[in-house]
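The structure appears below as structure tokens.
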Amino acid sequence: MDNSNVRPETMERITTPELAQKFIDEQVAAVREQVKDGKVLLALSGGVDSSVVAALLIKAIGRNLVCVHVNHGFLRKGEPEQVIEVFRNQMNANLIYVDAADRFIDKVAGVTDPEEKRHIIGEEFIKVFDEEAAKLTGIHFLGQGTIYPDILESEKGIKAHHNVGGLPEEMEMELVEPVKLLYKDEVRVVGRALGLPESMVDRQPFPGPGLAVRTPGAITRERLEAVRESDAILREEFAKNGLQGKVWQYFTIVPDFKSTGIKDGKRTFDWFVVIRAVNTTDAIEASIEEIPYDLLRHITKRITTEVKGVNRVLYDLTPKPSGTIEWE
Ligand code: XMP
């Protein structure tokens, strides 16, 4: 396998299903040549890159690919279920599902500093993945969803080259990185050609620490549920109203702050949900999507009625800068 980290100038941009198929055929052959009858371990988050790599490796080596999906408890509603449905049930993948939600939530209990939260989640992820890897024997290869911007950014020193919290280098496994020379749009074209569902291929960006960074302050199970449920309502309404695929990123935040309200004639003292919906091309600057007022009103009604512990909804009108896209 050509292990160069430089995309040749002659490499054609993958824009069509035909070009995607050609790429898939080449990579399937290259992976088989590299790993022969060996086994490959892959941390499958359910994000675009790791999902496309999983589908490609399943095509190349079938059940010799061992996927590990760690549910750290900060995933969106329905995400672990979708990973299990698509990979285990539809693609017959060798998938290990680890429900580590309690473990992660206990680890971040009482932690309010955003960077500390990220650090704890990253470390714990490596521990969980390591523990799973230690239960397996005879695995010499590690699959990774590295894409070309990761390589370019790590060369420029913008961000450490890692996926899903960074996997341990001391694992001493040979890397299998079949999409490392592709740009994001090409990864999506390849994913479609591999038969992955549109909801997986065209997913909006989602931070590795997930909903943890959308639960500012010390995370509790109750407030995390309020984030998860309000996010699900927002996504459902955006999909119904033609905003899915049009708005770059949208989500909800539930800060650790309560205000007074009224429900069924009685005083309440509950959290508020913040809606954020932004457009950008590179995530360096972002503008605010102008959501129709009627839709905002409808979403507010649904969230205050359906989400436990919430009595108010706010819309964040701050572009980046001065705000970042995420609140933490
Ligand atoms: P900010 O908040 O910096 O976000 O304006 C820019 C983009 O990066 C995503 N983001 C993350 N992605 N791990 C990730 O993988 C993280 O810790 C993280 N923090 C922010 C964010 O969702 C947005 O798309």
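The values are calculated or read from the model by the stated rules, or taken from the named source; none is laboratory data. The shown structure was predicted, so the numbers you read here are calculated from the model rather than taken from an experiment. FYI the Cβ positions are ideal-geometry reconstructions off the backbone, even for glycines, and counts take in every protein chain you see. Side chains included, ligands, DNA and RNA excluded: accessible areas come from the protein's heavy atoms. Shrake-Rupley method; radii C 1.70, N 1.55, O 1.52, S 1.80 Å.
Taking only C-alpha pairs under 8 Å that are 6+ residues apart, what is the relative contact order of the chain in percent? This gives 17 percent for the chain.
Rounded to the nearest 10 degrees, the inclination of helix 48-61 to the longest alpha-carbon principal axis of the chain is 30 degrees. Residues of the range 82-109 with amide nitrogen under 18 Å from the 7 Å Cα-to-Cβ point of Glu131? The answer is 96-109. In a simple Cβ point-charge model (Lys, Arg +1; Asp, Glu -1; nothing else charged), the chain has a dipole of about 1160 debye relative to its Cα centre.
Gyration tensor over the Cα atoms of the range 52-145: the corresponding equivalent ellipsoid has semi-axes (square roots of 5 times the eigenvalues, largest first) of 27, 16, 11 Å. All distinct Cα pairs of the chain go into the 1/r average, and the inverse of that average, the Kirkwood radius, is 21.1 Å. Taking only Cα atoms, what is the 0 to 90° angle, nearest 10, from helix 114-135's long axis to the longest principal axis of the chain? Helix 114-135 sits at roughly 40 degrees to that axis. Which whole-Hz ³J(HN,Hα) couplings does the range 258-274 yield from phi under the Karplus relation 6.51 cos²θ - 1.76 cosθ + 1.60, θ = phi - 60°, glycine and proline marked x? Working through the residues one at a time gives 10, 9, 7, x, 9, 9, 6, x, 10, 5, 10, 9, 9, 6, 10, 9, 9 Hz.
The angle between the Cα long axis of helix 184-193 and the longest principal axis of the Cα atoms of the chain comes to about 70 degrees, rounded to the nearest 10.
Among the listed pairs Lys77/Lys246; Lys107/Lys180; Lys36/Lys59; Lys22/Lys59; Lys240/Lys266, a Cα-Cα separation exceeding 23 Å is found for Lys107/Lys180; Lys240/Lys266. For the chain, the 222 nm mean residue ellipticity estimated from helices alone, with every DSSP H stretch of n ≥ 4 adding -39500 (n - 2.57) and the total spread over all residues, rounds to -12000 deg cm²/dmol.
What does the C-alpha gyration tensor say about the overall shape of the range 104-256? Classify as rounded when a/c is under 1.5, otherwise prolate if a/b is larger than b/c, or oblate. Note, shape of the range 104-256 comes out oblate.
Roll a 1.4 angstrom probe over the protein heavy atoms and tell me the percent of accessible area of the chain that is carbon or sulfur. Carbon and sulfur atoms account for 51 percent of the accessible area of the chain.
If R0 is 41 Å, what FRET efficiency do you get for Lys156 and Arg267 from their C-beta distance, rounded to 0.05? FRET efficiency, Lys156 to Arg267: 0.15. Taking each residue as 0.36 nm, the span from Lys301 to Thr16 lengthens on full extension beyond its C-alpha to C-alpha distance by 98.4 nm.
Please work out the FRET efficiency for the pair Ala29 and Asp294, using the Cβ-Cβ distance as r and a Förster radius of 41 Å; give the result to the nearest 0.05. So, using R0 = 41 Å, E works out to roughly 0.15.
Report the FRET efficiency, 1/(1 + (r/R0)^6), for Glu285 and Glu116, where r is their Cβ-Cβ distance and R0 is 35 Å, rounded to 0.05.
On the way: r = 27 Å, r/R0 = 0.78.
After rounding to 0.05, the efficiency reads 0.80.
Note that the chain presents 49 Å² accessible area per residue, ligands and nucleic acids not counted, probe 1.4 Å.
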